[in-house]
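Here's the structure, in structure tokens; my notes come after.
The values are calculated or read from the model by the stated rules, or taken from the named source; none is laboratory data. Keep in mind the model is a prediction, meaning the values are calculated, not measured. Here the Cβ positions follow ideal geometry from the backbone for every residue, glycine too, while neighbour counts run over all protein chains shown.
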Amino acid sequence: MPIAEAKVSAMDRGFLFGDGAYEVIPVYSRRPFRLAEHLARLRQTLDGIRLADPLGAAEWARLIGEIVARNAGEDQSVYLQITRGADTRRNHAFPARVTPTVYIMSEPLLTPPPAQREQGIATISAPDIRWLRCDLKTISLLANCLLRQQAVEAGCIETILFRDGCMTEGAASNIFAVKGGVLLAPPKDHLMLPGITYDVVLELAAAHGLPAEVRPVAEAEARGADELWMTSSTKEVLPIVLLDGRPVGTGRPGPVFAAMYAWYQDFKRTVMRAGE
Ligand code: PDD
């Protein structure tokens, strides 16, 4: 339906409490990329917030296929969210009986402007002030919004988050470091979102013989890295050349990034567009 006709109750717990789960699925040549993995992550989030999946994987796949078919554009970004539904009164505890609200939309998938890849992007850092279940993709994104806004107001693209002396991720992305030709990735735990693009980058590194270490990355290591990258479904892989006004490595996108970007684009042409 036209977006202006879509209606959600003012008593919806997504609106009142941020009580819900979401996913962003990139679609290349009308084929959702890593759909099974996105749906598995959705399931983990729903389990983590104790919300029964109202549809199931087969019905999700059908609905996503329908929204892709009904929207213009070969490359799309499908957004879906499930909230715990609308109650009759505001009450933090779950309602006894409630129907979850399901919302799906598609937007054009816009890859970042070439200048960001060619020149690299500027970032700031901030303490990771989020809760301790950052592995769940919930719609409660106020901390992420505040942190991303800090970057924007500093004329930057992303905020890199540090907690207890280690790098966790970005406000809406995962962050990788490169030191001495080795790719460093923070481990998937409760402090970061298990990114689908993160998995792709580690798979491409393994396939092309780039050494990688998945382990905690100390703040000093991140700040002293030769290269930093950010990754997400909508940004793909971007080189970070400034952190808090100081150059990362040489202050130019590095050679390991150039290799990964080429592998990623090749992978996109051959695999993502085939829907694999
Ligand atoms: N965000 N970490 C956070 C906090 C994120 O919000 C995202 C993505 C990622 C990267 O995950 P993936 O590679 O699966 O996109 C990591 C999406 C794109 C968003 O909220 O719009």
Original post:
Any idea which of (1) of a type outside the set (A, V, I, L, M, F, W, C); (2) surrounded by 20 or more Cβ atoms within 10 Å (Cβ to Cβ); (3) more than 9 Å from the ligand (Cβ to nearest atom); (4) under 20 Å from residue 262 (Cα atoms) is the one residue 231 doesn't satisfy?
Top reply: (3)
**OP:** From (1) surrounded by 20 or more Cβ atoms within 10 Å (Cβ to Cβ); (2) under 19 Å from the mean Cα position of the chain (by Cα), pick out the condition that doesn't hold for residue 178.
**Re:** (2)
Original post:
Looking at (1) over 12 Å from residue 176 (Cα atoms); (2) surrounded by 13 or more Cβ atoms within 10 Å (Cβ to Cβ), can you tell me which one residue 206 breaks?
Top reply: (2)
Subject >> Complete set of residues in the stretch 91-144 that are of a type in the set (S, T, N, Q), part of a helix (DSSP H, G or I) and away from the ligand (no atom under 16 Å from the Cβ) >> reply: 119
**OP:** List every residue pair whose Cβ atoms lie under 7 Å apart, where the two residues are 6 or more positions apart in sequence or sit on different chains, the first residue falls within the stretch 139-168 and is within 25 Å of residue 224 (Cα to Cα) and assigned by TED's automatic domain parsing to the domain that holds residue 125, and the second residue, located anywhere, is in a loop (DSSP other than H, G, I, E, B) and acidic (Asp, Glu).
**Re:** 161/128; 162/128; 163/128; 168/128
Original post:
If only one of 59, 74 is within 19 Å of residue 1 (Cα to Cα) and either surrounded by 11 or more Cβ atoms within 10 Å (Cβ to Cβ) or in the same structural domain as residue 31 (by TED's automatic domain parsing) (or both), which one is it?
Top reply: 59
Subject >> Count - residues of the stretch 173-182 that are part of a strand (DSSP E or B) and either within 13 Å of the ligand (Cβ to nearest atom) or of a type outside the set (Gly, Ala, Ser) (or both) >> reply: 6
Original post:
Which of the residues that make up the stretch 74-96 are in contact with a Pro (Cβ under 8 Å, 6 or more places away or on another chain) and at pLDDT 95 or above?
Top reply: 75, 76, 77, 78, 82, 83, 84, 85
**OP:** Look at residue 47 and say whether it is surrounded by 15 or more Cβ atoms within 10 Å (Cβ to Cβ) and within 16 Å of residue 139 (Cα to Cα).
**Re:** no
Subject >> Hits in the stretch 159-172 (condition: in a strand (DSSP E or B), buried (at least 23 other Cβ atoms within 10 Å of the Cβ) and touching a helix residue (DSSP H, G or I) at 6+ places or on another chain (Cβ under 8 Å)) >> reply: 159, 160, 161, 167
Original post:
On the given criteria, is residue 24 within 16 Å of the ligand (Cβ to nearest atom), more than 28 Å from residue 97 (Cβ to Cβ) and within 21 Å of the chain's Cα centre (by Cα)?
Top reply: yes
**OP:** Tell me, please, whether a residue that is within 25 Å of residue 262 (Cα to Cα), within 11 Å of the ligand (Cβ to nearest atom) and touching a residue at least 12 places away in the same chain (Cβ under 8 Å) can be found in the stretch 201-219.
**Re:** yes
Original post:
Just one of the numbered conditions (1) touching a helix residue (DSSP H, G or I) at 6+ places or on another chain (Cβ under 7 Å); (2) more than 11 Å from the ligand (Cβ to nearest atom); (3) hydrophobic (A, V, I, L, M, F, W, C) is not true of residue 156; which one?
Top reply: (1)
Original post:
Pairs under 7 Å by beta carbon, first residue at negative phi in the stretch 119-134, partner surrounded by 13 or more Cβ atoms within 10 Å (Cβ to Cβ) and small (Gly, Ala, Ser), six or more apart or different chains?
Top reply: 123/151; 124/151; 124/154; 129/143; 130/143; 133/48
Original post:
Across the stretch 83-97, which residue is nearest to residue 67 (Cα to Cα) among those that are surrounded by 16 or more Cβ atoms within 10 Å (Cβ to Cβ) and not basic (Lys, Arg)?
Top reply: 83
